[in-house]
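Student: Please find one structure pasted underneath; my questions will follow.
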Amino acid sequence: MSGPSPFSPASLPGLPAPLCGQAWACLDLPGHPDRRIEARGPFLAAALPPPDRLAFYVNDFALTDPFPWQIPTQIGSASPSAPPPLASPLPTCWPPPDRALFESVFRDCMKAIRQRRLLKIVPVSSVSATATAHPARALHALLHPSRIAGMGHAAAWSNGQNGFATITPEVLFELSGTRLTTMALAGTADAQHEADLRQAPTLAREHEIVVDELHRRLASLGRVHLSPKEVVPLGTVRHLRTTLTVDLPLAPQGQALHDLIHLLHPTPALGISPRNPDTLAQLSECRDRCRVPAAFGAPCGVAWPGGAVFLVAIRGVFWENHTLHLPAGGGLVAGSVLDNEWAELELKRNWVRHAFQLHPAHA
């Protein structure tokens, strides 16, 4: 999906694994499995991206940070060699998720859907555990390209104490010159039930709501082109994906790039449809009830002169000091069934546990 960029990550020096307390960021370039941008701090925070330098974008789900652009002092690429064995401090014993809490949120969401106040909403269930040490170095090794090939796109951010690490299947959007590319990624099944993605009406409805909403938003920018719907395999998980592209009159930069983020985030794949102040407030209340980490589902990206990539921070771990959170969300539409949605959340949580080695050695 990505076009050429004015830099070549393959030629950049590799940066060492982050130390405890060190500001650090990384992001894969989709379509280029050998290209990853890494950076070390200190970072200079800015309200808008600089016109002549690379900068990372880090924000919360509600986009409340007035200075979300992080300009690094050191830029590098992922080391081409495999990471050394590392004794991981990440927790392997996690409490069971709170099904009763999710059931309560599920009932309220489905009531709003039946009353036709909502077409789709994404509640989230989250669990927490404590690490024995700061997780940054272990997560840096776990995100090595040789480990996550074919699993998704890596992204991570740590401000020294708090942060997240994700192997996400979802791209919010990419820019190559004037061409913008995004995706509708909605509809989930395990490998054994892949056929349901093409046959189950509830999954088809969930996907089409996302496609229609993204098409409507992008239509204000130009003529929108849609790819055929496809099934994307990522380990034990399968997703439905439709790619949307639009050619813009000018290459976005500065405020125009900032406005694109606000136009597309949150997509109905991780947010709500229809999107308006009242429904966004309902989504925020839903996330607060479920104690969802503020960065879960938020856009994270990197921009440079002439291009940009923004991912969606899902399928990962989010931490505050030594406390780690493992959230998972699932889209609700008319006809959604509680047991099916809970099973989908378990599928996604187990995927993250496997990818980040968050299970006991004998599991």
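The values are calculated or read from the model by the stated rules, or taken from the named source; none is laboratory data. Note that the structure is a prediction, hence the values are computed from the model and not measured. Don't worry about glycine lacking a Cβ; one is built from the backbone with ideal geometry, like all the others, and counts go over all protein chains shown.
Student: If I filter the stretch 310-363 down to residues being out of contact with any His (no Cβ under 7 Å at 6 or more places or on another chain) and charged (D, E, K, R), which single residue comes out as farthest from Ile121 (Cα to Cα)?
Tutor: In this case the residue turns out to be Glu320.
Student: Still on this structure: If Asp339 satisfies all but one of (1) at pLDDT 95 or above; (2) closer than 21 Å to Ala112 by Cβ; (3) surrounded by 21 or more Cβ atoms within 10 Å (Cβ to Cβ), what's the number of the condition it fails?
Tutor: (3)
Student: Please tell me if Asp196 is surrounded by 13 or more Cβ atoms within 10 Å (Cβ to Cβ), touching a strand residue (DSSP E or B) at 6+ places or on another chain (Cβ under 6 Å) and more than 21 Å from Pro274 (Cβ to Cβ).
Tutor: Judged against the criteria, Asp196 is a match.
Student: Next question. Quick one: would you say Ala133 is free of Cβ contacts under 8 Å to residues at least 12 places away in the same chain and either basic (Lys, Arg) or surrounded by fewer than 18 Cβ atoms within 10 Å (Cβ to Cβ) (or both)?
Tutor: no
Student: Inside the stretch 318-333, can you point out the residues that are buried (at least 16 other Cβ atoms within 10 Å of the Cβ) and out of contact with any Gly (no Cβ under 9 Å at 6 or more places or on another chain)?
Tutor: Of everything in the stretch 318-333, those that are buried (at least 16 other Cβ atoms within 10 Å of the Cβ) and out of contact with any Gly (no Cβ under 9 Å at 6 or more places or on another chain) turn out to be Leu324, His325, Ala328, Gly330, Leu332, Val333.
Student: Restricting to the stretch 137-154, what's the tally of residues that are part of a helix (DSSP H, G or I), within 22 Å of Leu29 (Cβ to Cβ) and of a type outside the set (Ser, Thr, Tyr)?
Tutor: So the count comes out to 7.
Student: Hey, can you tell me all the residues within the stretch 225-272 that are of a type in the set (Ser, Thr, Tyr) and within 30 Å of Gly177 (Cβ to Cβ)?
Tutor: Scanning the stretch 225-272 gives Ser227, Thr242, Thr243, Thr245, Thr267.
Student: Can you tell me which residue within the stretch 233-272, out of those that are among the β-branched types (Val, Ile, Thr) and under 16 Å from the mean Cα position of the chain (by Cα), is farthest from Gln199 (Cα to Cα)?
Tutor: So, considering only residues that are among the β-branched types (Val, Ile, Thr) and under 16 Å from the mean Cα position of the chain (by Cα), the one farthest from Gln199 (Cα to Cα) is Ile261.
Student: Shifting gears a bit: Exactly one of these conditions fails for Pro305: (1) surrounded by fewer than 23 Cβ atoms within 10 Å (Cβ to Cβ); (2) modelled with pLDDT of 95 or more; (3) more than 16 Å from Thr168 (Cα to Cα). Give me its number.
Tutor: In the conditions (1) surrounded by fewer than 23 Cβ atoms within 10 Å (Cβ to Cβ); (2) modelled with pLDDT of 95 or more; (3) more than 16 Å from Thr168 (Cα to Cα), Pro305 misses (2) alone.
Student: With the requirement that a residue be under 22 Å from Arg349 (Cα atoms) and outside any loop (DSSP other than H, G, I, E, B), what does the stretch 100-123 give you?
Tutor: Residues satisfying the conditions are Ala100, Leu101, Phe102, Glu103, Ser104, Val105, Phe106, Arg107, Cys109, Lys120, Ile121.
Student: While we're looking at this one, here's another question. Could you give every pair whose Cβ atoms fall below 6 Å, whose first residue belongs to the stretch 185-197 and is at negative phi, and whose second residue is among the β-branched types (Val, Ile, Thr), counting only separations of at least 6 or pairs across chains?
Tutor: So the pair list comes out as Ala186/Val210; Asp190/Thr236; Ala191/Thr236; Leu197/Val231.
Student: If you go through the stretch 111-121 one residue at a time, do you hit one that is hydrophobic (A, V, I, L, M, F, W, C), surrounded by 15 or more Cβ atoms within 10 Å (Cβ to Cβ), within 18 Å of the chain's Cα centre (by Cα) and within 17 Å of Ala313 (Cα to Cα)?
Tutor: No - not one qualifying residue is present in the stretch 111-121.
Conditions (1) surrounded by 14 or more Cβ atoms within 10 Å (Cβ to Cβ); (2) over 29 Å from Lys348 (Cβ atoms), marked per residue:
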{"residue": "Glu213", "(1), (2)": "yes, no"}
{"residue": "Leu218", "(1), (2)": "yes, no"}
{"residue": "Leu221", "(1), (2)": "yes, yes"}
{"residue": "Lys229", "(1), (2)": "yes, no"}
{"residue": "Leu234", "(1), (2)": "yes, no"}
{"residue": "Arg238", "(1), (2)": "yes, no"}
{"residue": "Leu248", "(1), (2)": "yes, yes"}
{"residue": "Ala256", "(1), (2)": "no, yes"}
{"residue": "Asp259", "(1), (2)": "no, yes"}
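Student: What pairs can you find where one residue is in the stretch 296-313 and free of Cβ contacts under 8 Å to residues at least 12 places away in the same chain and under 19 Å from Leu283 (Cβ atoms), the other is aromatic (Phe, Trp, Tyr) and buried (at least 23 other Cβ atoms within 10 Å of the Cβ), and their Cβ atoms are less than 9 Å apart, with a gap of 6+ or different chains?
Tutor: Short answer, once both residue conditions are applied: none.
Student: Still on this structure, please answer the following. For the stretch 13-28, give me the residue count where each residue is modelled with pLDDT under 80 and either surrounded by fewer than 23 Cβ atoms within 10 Å (Cβ to Cβ) or among the charged types (D, E, K, R) (or both).
Tutor: Matching residues across the stretch 13-28 total 8.
Okay, residues lined up against (1) crowded, with 19+ Cβ neighbours inside 10 Å; (2) within 27 Å of Lys348 (Cβ to Cβ):
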position: Thr243; (1), (2): no, yes
position: Pro266; (1), (2): yes, yes
position: Ser273; (1), (2): yes, yes
position: Asn276; (1), (2): no, no
position: Leu283; (1), (2): yes, yes
position: Cys300; (1), (2): yes, yes
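Student: Look at the stretch 155-206 and say how many of its residues are in a helix (DSSP H, G or I) and either in contact with a His (Cβ under 7 Å, 6 or more places away or on another chain) or among the hydrophobic types (A, V, I, L, M, F, W, C) (or both).
Tutor: Of the residues in the stretch 155-206, 4 are in a helix (DSSP H, G or I) and either in contact with a His (Cβ under 7 Å, 6 or more places away or on another chain) or among the hydrophobic types (A, V, I, L, M, F, W, C) (or both).
Student: Yes or no: the stretch 114-135 includes at least one residue that is in contact with a helix residue (DSSP H, G or I) (Cβ under 6 Å, 6 or more places away or on another chain) and among the small types (Gly, Ala, Ser).
Tutor: Yes, the stretch 114-135 contains a residue that is in contact with a helix residue (DSSP H, G or I) (Cβ under 6 Å, 6 or more places away or on another chain) and among the small types (Gly, Ala, Ser).
Student: Run down Leu311, Leu345, Leu264 and say which single residue is more than 21 Å from Gln70 (Cα to Cα) and modelled with pLDDT of 95 or more.
Tutor: Residue meeting the stated conditions: Leu345.
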